Amino acid sequence: MDDQLYVSSNNWMRGWYHRALARPTVEALVTDELSTYTSVRVEGAEHARVSEAYRMGFVLRFVFGFAPSRFIRLDPL
């Protein structure tokens, strides 16, 4: 979105999310290319904008126990 790479955690099992924030240098395979990124917690107005763009429907929210969506932005290193 807007030339930024976002990853979301949409359920209560967020171990990977907390590890990515605790140790923000991460690797991710994106379009068949492994790259290194810095993970950044998405908050405030940015979180509202991303949440609106990637809003989950009722069925998915129900399946995931109505857990709030949390986002990480991956900034290239």
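Here each label is just a point 7 Å from Cα along the line to Cβ, and for Asp2 and Ala28 those points are 1.6 nm apart.
Per the Debye calculation on the chain with a single equal scatterer at every Cα and no solvent contribution, log₁₀ I(q)/I(0) for q = 0.12, 0.16, 0.24, 0.27 Å⁻¹ amounts to -0.35, -0.63, -1.21, -1.32.
Sequence-ordered 3J(HN,Hα) estimates for the stretch 67-72 from the Karplus curve with 6.51, -1.76 and 1.60 and θ = phi - 60° stand at 5, x, 6, 10, 10, 10 Hz, glycine and proline given as x.
Considering only protein heavy atoms and a 1.4 Å probe, what is the carbon-and-sulfur percentage of the accessible area of the chain? Don't skip to the end; give the middle numbers.
On the way: 3070 of 5440 Å².
Answer for the chain: carbon and sulfur cover 56 percent of the accessible area.
Across the stretch 27-40, computed HN-Hα scalar couplings (Karplus, 6.51 cos²θ - 1.76 cosθ + 1.60, θ = phi - 60°) run 10, 9, 8, 10, 6, 6, 10, 7, 9, 9, 9, 9, 8, 10 Hz from first to last residue, x flagging Gly and Pro.
Sequence-distant contacts, meaning Cα pairs under 8 Å at least 6 residues apart, place the relative contact order of the chain at 49 percent. Charged neighbours of Phe64, selected by a Cβ distance under 15 Å, balance to +4 (K, R count +1; D, E count -1).
Compared with the dominant principal axis of the Cα atoms in the chain, helix 44-53 is inclined by about 70°. With K and R counted +1 and D and E -1, the other residues having a Cβ less than 15 Å from that of Ser8 yield a net charge of +4. Taking all protein chains into account, the per residue accessible area for the chain stands at 71 Å² (1.4 Å probe).
The values are calculated or read from the model by the stated rules, or taken from the named source; none is laboratory data. All of these numbers come straight from a predicted model, not from anything done at the bench. Cβ coordinates were reconstructed from backbone atoms using ideal geometry, including for glycine residues, and neighbour counts include every protein chain displayed. Please note that ligands, DNA and RNA were not included when accessible areas were found on the heavy atoms of the full protein model with its side chains. Shrake-Rupley method; radii C 1.70, N 1.55, O 1.52, S 1.80 Å.
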